[in-house]
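The values are calculated or read from the model by the stated rules, or taken from the named source; none is laboratory data. Quick caveat: nothing in here was measured; it's all calculated off a predicted structure. Here Cβ is always computed from backbone atoms with ideal geometry, including for glycine, and neighbour counts include all displayed protein chains.
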Amino acid sequence: MSDLDVKFEEYVRKQGLANPGQSILVAISGGVDSMVLLDLFARIRRPWKLRIALAHVNHGLRGVESDGDEEFVRMKAAHYDLPFYRTKVDTLSFASQEKLTKQEAARELRYAFFEETRKTIVADVVATAHQANDNAETILLNLVRGTGLRGLAGIPVKRDNIIRPLHFAYRANIEEYAKEHSIDFRTDSSNSSLEYKRNLMRLQIIPSMESVFGPDILPSINRVSSTVRLFAASLETQVHERYELMVKSSGNGDVQVSLLLLHSEPSFMQEEIVLSLLRKLKLEASTKKVGAIIALGESTTGSRLDLGKGHAIYRDRERLLVTKETQTHIQQQTLGLGQHCELGMFRFSVGMPEPVPSILHRTFAHALVDANKLEPPLLLRGWRSGDWFMPLGLPHKKKLSDFFIDEKVPLHEKHAIPVFESHGNIVWVCGKRVDDRFKVTAQTRSVVRLEYSREQE
């Protein structure tokens, strides 16, 4: 007979995954792993005085089958007399919107719901049903992808508020337990599709490895991963220290990497730092992508690399700059006095003439210009190649491109900077500088307030 229940309780206690009296949100799909996890927690529920709730995500990828999974889990929650929380998500739309694969989108939506529910019900942890086979499969996939040392550590037993109490158990152990205890479960038809790399690994590659190297191949992989996990933890401390020194986030969501500091590190540390950057941005991390990013640091200013999910990285002088690119094209618009408009993420307004204030405050969000020097309506447009103006304090022409260089405006931001124009002359480079020809002087009798704001992502 299976002693999985005994080993489960010992493992949870030894690994410190849960303590008596805690509240646990169990992520449940309806598959054999999650149904066994539910049953195991139900067995220690009373002696441990646990508060247990269930969370299920219907990804809507398999139509009636997905709905059947949801109904099945709902009925099992009632059977165990447990609170049940569910959601149905549009995985395909989210994947398209965020430029993700179906699997990436499903995972993000799933974990977002788990964490939201955990906070709502004030649960201590979320328990998922990842087991030893999953861990070995993940390690092999990471090895192929080239995800670095931490990738070879596999699936963590505990990370933040996520625990994996079945990490020690193999699929055969779990299926044996389900059979012995007559535990019903659902079978996901997509698990047999070789369209997915994980299925290919599970159904073809690992069985081939077992036929050549014997049935102990997965335990061997998992033992190595345990050792790597310890080493990776030590390395992670060093990587974190260096990462904090050379990687900085700006107020607009961009991330900057000092090339001077990055290039001072040995090659393996450079790779680990770049891997950390990709993981923090929740972007796919692979040897190929890491190598391309490091090579970008050796290229010329202006070089660009697409990172996926709407992110791009630029070589910008002595730094690498990561930004989430959005549609920033500014449609040409005319604004008369006292008018305002919204163009995508931008908000603009042109005030009515008003008396000159006793103190002039110029900010990112607004500018005061001499009303008598304007010829309304003003033209609102994006920056164009060849544009020039006379920056405040410099009564001579300067190309906007040169001005942006002097102001250290990132290359990718230049085309997102709007300008106000009056009769062919730039009045204000929004958020940057007023044209000297329109400045407020001692002779100014009235001013017009120009306002600009940009919605943050």
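Observations, loosely collected:
- A single entry from Tyr196, Tyr170 fulfils the requirement of being at pLDDT 95 or above and in contact with a helix residue (DSSP H, G or I) (Cβ under 9 Å, 6 or more places away or on another chain): Tyr170.
- Given (1) in contact with a strand residue (DSSP E or B) (Cβ under 6 Å, 6 or more places away or on another chain); (2) farther than 30 Å from Leu143 by Cβ; (3) of a type in the set (Ser, Thr, Tyr), index of the condition Thr300 fails: (1)
- Subset of region 235-251 (residues that are of a type in the set (Ser, Thr, Tyr) and in a helix (DSSP H, G or I)): Thr237, Tyr243
- Yes/no for Ala178 being under 17 Å from Ala129 (Cα atoms), among the small types (Gly, Ala, Ser), out of contact with any Ser or Thr (no Cβ under 7 Å at 6 or more places or on another chain) and part of a helix (DSSP H, G or I): yes
- On inspection, Thr301 fails the criterion of being hydroxyl-bearing (Ser, Thr, Tyr), within 24 Å of Arg107 (Cα to Cα) and touching a residue at least 24 places away in the same chain (Cβ under 8 Å).
- Qualifying residue in region 60-68 (condition: surrounded by 15 or more Cβ atoms within 10 Å (Cβ to Cβ) and assigned to a helix (DSSP H, G or I)): yes
- Output for region 39-59, where each listed residue is surrounded by fewer than 22 Cβ atoms within 10 Å (Cβ to Cβ) and in a helix (DSSP H, G or I): Asp39, Ala42, Arg43, Ile44
- The set of residues in region 126-169 being β-branched (Val, Ile, Thr) and not in a loop (DSSP other than H, G, I, E, B) consists of Val126, Thr138, Ile139, Val144, Ile162, Ile163.
- Scanning region 390-407 for residues that are without any contact (Cβ under 8 Å) to a residue 12 or more places away in the chain and either of a type in the set (Lys, Arg) or over 23 Å from Arg317 (Cβ atoms) (or both) turns up His396, Lys397, Lys398.
- Selection status of Gln22, surrounded by fewer than 18 Cβ atoms within 10 Å (Cβ to Cβ), modelled with pLDDT under 95 and of a type in the set (S, T, N, Q): no
- Qualifying position, being among the charged types (D, E, K, R) and not assigned by TED's automatic domain parsing to the domain that holds Asp39, among Asp134, Asp69: Asp134
- The lone exception for Glu342 - which of (1) in the same structural domain as Thr237 (by TED's automatic domain parsing); (2) surrounded by fewer than 17 Cβ atoms within 10 Å (Cβ to Cβ) it fails: (1)
- Filter result for Ala105 (surrounded by 17 or more Cβ atoms within 10 Å (Cβ to Cβ), of a type outside the set (D, E, K, R), at pLDDT below 95 and more than 14 Å from Ile28 (Cβ to Cβ)): yes
- Evaluating Ala178 against the criteria (1) touching a residue at least 40 places away in the same chain (Cβ under 8 Å); (2) surrounded by fewer than 12 Cβ atoms within 10 Å (Cβ to Cβ) leaves one unmet condition, (2).
- Any pair with Cβ under 9 angstrom, 6 or more apart, that starts in region 1-26 at a residue that is over 18 Å from Arg171 (Cα atoms) and ends at one that is surrounded by 15 or more Cβ atoms within 10 Å (Cβ to Cβ) and among the hydroxyl-bearing types (Ser, Thr, Tyr): Leu17/Tyr11; Leu25/Tyr85; Leu25/Thr117; Val26/Ser34; Val26/Thr128
- Phe114 meets the conditions (1) in a loop (DSSP other than H, G, I, E, B); (2) surrounded by 15 or more Cβ atoms within 10 Å (Cβ to Cβ) in every case but one. The failed one is (1).
- Restricting attention to region 83-102 and to residues that are at pLDDT 95 or above and either basic (Lys, Arg) or in the same structural domain as Ala285 (by TED's automatic domain parsing) (or both), the residue that is farthest from Arg45 (Cα to Cα) turns out to be Lys88.
- Subset of region 39-49 (residues that are without any contact (Cβ under 8 Å) to a residue 60 or more places away in the chain and in contact with a helix residue (DSSP H, G or I) (Cβ under 7 Å, 6 or more places away or on another chain)): Arg43, Ile44
- In the set Leu380, Leu394, only one residue is of a type in the set (A, V, I, L, M, F, W, C), in a strand (DSSP E or B) and modelled with pLDDT under 95; that residue is Leu380.
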